[in-house]
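Asker: What follows is a single structure, and I will ask about it in a moment.
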Amino acid sequence: MNFCKCILLAPFEFMREDWTSKCVGVMMLCFYLMLLSVVACGVYWGLENIFIDNKTTDGIVIGKSFVPAHKTSSMIFIGKMMVPNVINHPNSWVVEVRVSNKTDFVGVDENFYKSVLNGQMVHVTYKTGRVSGRLKVVGVQK
């Protein structure tokens, strides 16, 4: 307990000293705030997604999009050298589905994409976020 108290109060103890110690104290405080935000995001994600059962209902296809295969590249450091990192992205087919006035996008295969039309009813497997109520489509079938 004494160790935790010491760690948590350390930034404020540093801020009582000269300007260099104040800088260290401010950096420690910023680190604590970043750590706290990461923990808070993890707790939110856990509450939103863990142990939520899939539901099945009918939905309506309201949009379709196709993204052709393409490459993206960026430069990364390996040791002291910069080398190109090329990523090949395959073709992707996406369908936008509406379920009870909420919409979400889901990736599908080419055959399903070609066989479904805008306005067509499909069977949708989905989850609803516990905290946000956001729709997350897991899969679609004809």
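The values are calculated or read from the model by the stated rules, or taken from the named source; none is laboratory data. Only a predicted model underlies this, so the values are computations on that prediction, with no experimental measurement involved. Positions of Cβ are backbone-derived with ideal geometry, glycine not excepted, and every protein chain shown enters the neighbour counts.
Asker: Among the listed residues PHE112, PHE105, which satisfies the condition of being closer than 18 Å to ASP58 by Cα, assigned to a strand (DSSP E or B) and either in the same structural domain as TRP45 (by TED's automatic domain parsing) or not aliphatic (A, V, I, L, M) (or both)? Talk me through it step by step, then tell me what you get.
Answerer: On the way: PHE112 fails: assigned to a strand (DSSP E or B).
Of PHE112, PHE105, the one residue that is closer than 18 Å to ASP58 by Cα, assigned to a strand (DSSP E or B) and either in the same structural domain as TRP45 (by TED's automatic domain parsing) or not aliphatic (A, V, I, L, M) (or both) is PHE105.
Asker: Give all pairs with beta carbons closer than 8 Å in which a residue from region 66-83 that is of a type in the set (Gly, Ala, Ser) meets a residue that is surrounded by 10 or more Cβ atoms within 10 Å (Cβ to Cβ) and not in a strand (DSSP E or B); count only pairs at least 6 apart in sequence or on separate chains.
Answerer: If the second residue must be surrounded by 10 or more Cβ atoms within 10 Å (Cβ to Cβ) and not in a strand (DSSP E or B), the pairs left are ALA69/ASN91.
Asker: If you take the residues of region 56-86 that are surrounded by 10 or more Cβ atoms within 10 Å (Cβ to Cβ) and in contact with a Ser or Thr (Cβ under 7 Å, 6 or more places away or on another chain), which of them is farthest from VAL131 (Cα to Cα)?
Answerer: Only one residue tops the list, namely ASN85.
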